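Report on one structure; see the data block that follows.
The values are calculated or read from the model by the stated rules, or taken from the named source; none is laboratory data. Not measured: the values here are computed from a predicted model. Here the Cβ positions follow ideal geometry from the backbone for every residue, glycine too, while neighbour counts run over all protein chains shown.
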Amino acid sequence: MLRLEGIHTFYGPIEAVKGIDIEVGQGEIVCLIGSNGAGKSTTLMTISGILRPRSGRVSFEGRDITNVSPHDIVGLGISQVPEGRRIFPRLTVMENLEMGAYSVVGNGQLKTRLEKVFELFPVLGERRKQLGGTLSGGEQQMLAIGRALMCGPKMLLLDEPSLGLAPIIVGKIFRVIKEINDAGVTVLLVEQNAHAALKLSRRGYVLESGRVTTQGTGQELLGNEQVKKAYLGE
Ligand SMILES: Nc1ncnc2c1ncn2[C@@H]1O[C@H](COP(=O)(O)OP(=O)(O)OP(=O)(O)O)[C@@H](O)[C@H]1O
Ligand SMILES: [Mg+2]
C-alpha cells in the first residue's frame, strides 16, 4: 500500500534520513522503533508531504506521491497524528474534530464520523464543549487521534502516541489503535515504547541514525538479541 524507496531527507545540510526503504501492506500495523534523533518523525513527515525528500520515492497505492502536496496526500487517504499531539488548545473538542474534517463534504458524513470517534472515545463525547487545552494528556492524545480519523483515512501515521502518558492510558491507546486497524485502517506507528509497539505490530523496522538496521515480524524483533538489549531493556 505504501512504499518508501531510497528516501534521503535533509534539514538544510543535515541528513536526517539516509536512504531508507520501508513497505506497509494494506491492513497491516507496522512500527518504526529507534532512539531519539533516529529519524522516525522525519520519515513520517516525508510520507505526509510536510518534508520533501532530496532523493528517493514515496508511493501510495501504486501512485507516486513524492511531490504531492500535504493537503492532497490527506485527500488520498493518509492522515497523520503528529508527535506532541498538536491539538488546538483554544478550540473546543468539537471544533478540533471539525478541523480534522475540513475536506469532508456534507453534514451527513461529518455526523457519521463524529459518532464513530465518540464510540471509540466516549470521553470526547462527554467533553465536546470543553477547550482542547484543558483536557488531560491522555484525552488530548485521544482528541489528536480522533481528529486524524475525521477525514476517513485509509492509512494512519501515528507519531509516539504513548509518549508521556500513564501506563493505564497507554494500554487504552494501544487497544484503540488495534480497534481502528480492525475496522480496516492501515497503521504506521512510531513508538519509543518498543515492547508494546512490537506486540501490536505485524512487522517492524528499527531505525538508527537515519538508516534501517533491522527489520522483521513483531515476534522476530521481540526475540532479537540486539533489539532486546537496545530497546527492550532486557
Ligand atoms: N527542524 C530541524 N532542523 C534541523 N535538524 C532537525 C530538525 N528536526 C529534526 N532534526 C534532526 O534530524 C534528526 C532526526 O530527527 P527526528 O525528529 O526525525 O528523530 P526521531 O527519531 O523522531 O526522534 P525522537 O524520538 O526524539 O522524536 C535528528 O538528528 C534531529 O536533530
Ligand atoms: Mg520524533
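Could you figure out which of (1) in a loop (DSSP other than H, G, I, E, B); (2) at pLDDT 95 or above isn't true of Q219?
For Q219, the exception is condition (1).
Within 11 Å of ligand 1 (Cβ to nearest atom), modelled with pLDDT of 95 or more and among the polar types (S, T, N, Q): which single residue out of T42, T92 fits that description?
T42
Given the structure, is S162 modelled with pLDDT under 95 and under 13 Å from the mean Cα position of the chain (by Cα)?
yes
Restricting segment 103-133 to residues that are under 16 Å from L91 (Cα atoms) and free of Cβ contacts under 8 Å to residues at least 12 places away in the same chain, which is surrounded by the most Cβ atoms within 10 Å (Cβ to Cβ)?
Here the residue is G125.
Given the residues S59, S69, which is the only one that is within 18 Å of Y102 (Cα to Cα) and of a type in the set (G, A, S)?
None of the other options fit; the residue is S69.
For segment 155-214, give me each residue that is within 15 Å of ligand 1 (Cβ to nearest atom), assigned to a loop (DSSP other than H, G, I, E, B) and closer than 23 Å to G27 by Cβ.
If the condition is that a residue be within 15 Å of ligand 1 (Cβ to nearest atom), assigned to a loop (DSSP other than H, G, I, E, B) and closer than 23 Å to G27 by Cβ, then E160, P161, S162, N193 are the ones that fit.
Assess whether E83 counts as being surrounded by fewer than 19 Cβ atoms within 10 Å (Cβ to Cβ), part of a helix (DSSP H, G or I), at negative phi and among the charged types (D, E, K, R).
When the stated conditions are applied, E83 does not pass them.
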